[in-house]
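Asks: Have a look at this one before I ask anything.
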Amino acid sequence: MSDMAFSIQDWEQAIKQIKSVITARINANNQGDIEEVHILAGSGRAPKQVVRDVESVLVAQFGLQIDHKKISVAQIGDDDENAFAIVESSRPKLVGVTIRTVNGMAEVKVELLTGDKLIEGTAEGPSSSFNKLRLFVEATLKALTPLTLDKFLFVTEDVGITHLAKQQIALVSITLIASTGEQSLTGCALVRNDDREAVVKATLDAVNRKLRFLRND
C-alpha cells in the first residue's frame, strides 16, 4: 500500500517534472495503490526511457515501487503540443448541479464549462438514494456529448461513496464503447461538501483523459 501522506496529485506533479512529459494521470485503487500511470509526452525521448524515469522518480521521492507494465506512454509530435495545451485548458469544469424530485421521480441537471462555452446534461429516474447518484453520472455524460464523436458511447457501470483514510470518496466506473471494442474507465473525487458534486467530479476524472482523443474539434 502506498504512503497516504502523499496524494495522487503529488505523484502526478512529480512526474510532470520529467523531461518530455507533458501531463500525467494516475489511477489508484481503493487501498491507494497505483493501478495505472498514463503519460502524454513529446517525441524527443524514447518511451522506455520515460517509463524508467517515472519508476525512478516514484521510488526516489515517495518510496513507491511500481511495475513498469502499469505505465503507458503516448507521444505526440512537437507541432501538436500547443494544440494539446489548448484542449487541456478547456477541460470541462463543474459549474453547478440541481435536482428536482416529484412523486418519487428525480430530474437531475449538470452544468459544465469548457473554455467559454456552457454545456449541460439532464437525466431522469427513480429518486432512490443510489439511483440519484447514478443520475448525476448520467447527466454528466450527456453534458459531454458535444465534445465526443457520435460513434463513442459512455455507459455507467457503478457509482458509490466509500471511506478512505477517514475521508469520503466518490468512485465512478464507466465503460467506453467504440467500434474497436470496450475500455473500462474509473474516476474518484474527494467529497468535500456535497456528494453529488463529488460524483460529477469523479465522472469527469474518469473521462477527462479521453476527451483529447474523442473531441470533434
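Asks: Can you spot the lysines whose alpha carbon is less than 24 Å from Lys69's alpha carbon? Ignore those fewer than 8 places along the same chain.
Replies: Lys69 reaches Lys16, Lys19, Lys48, Lys210.
Asks: Which far-off residues, 5 or more places away or on another chain, put their amide H under 5 Å from the one on Leu64, with H placed in the peptide plane?
Replies: Val59
Asks: Which ³J(HN,Hα) values, rounded to whole Hz and listed in residue order, are derived for the range 105-117 from phi using the Karplus coefficients 6.51, -1.76 and 1.60 in 6.51 cos²θ - 1.76 cosθ + 1.60 with θ = phi - 60°, glycine and proline given as x?
Replies: Per residue, the Karplus-derived 3J(HN,Hα) values read 10, 10, 10, 10, 10, 10, 10, 10, 10, 10, x, 10, 10 Hz.
Taken together, the values in this text are just the output of simple stated rules run on the coordinates, not laboratory data. Note that the coordinates shown come from a computational prediction; the quantities given were computed from them, not determined experimentally.
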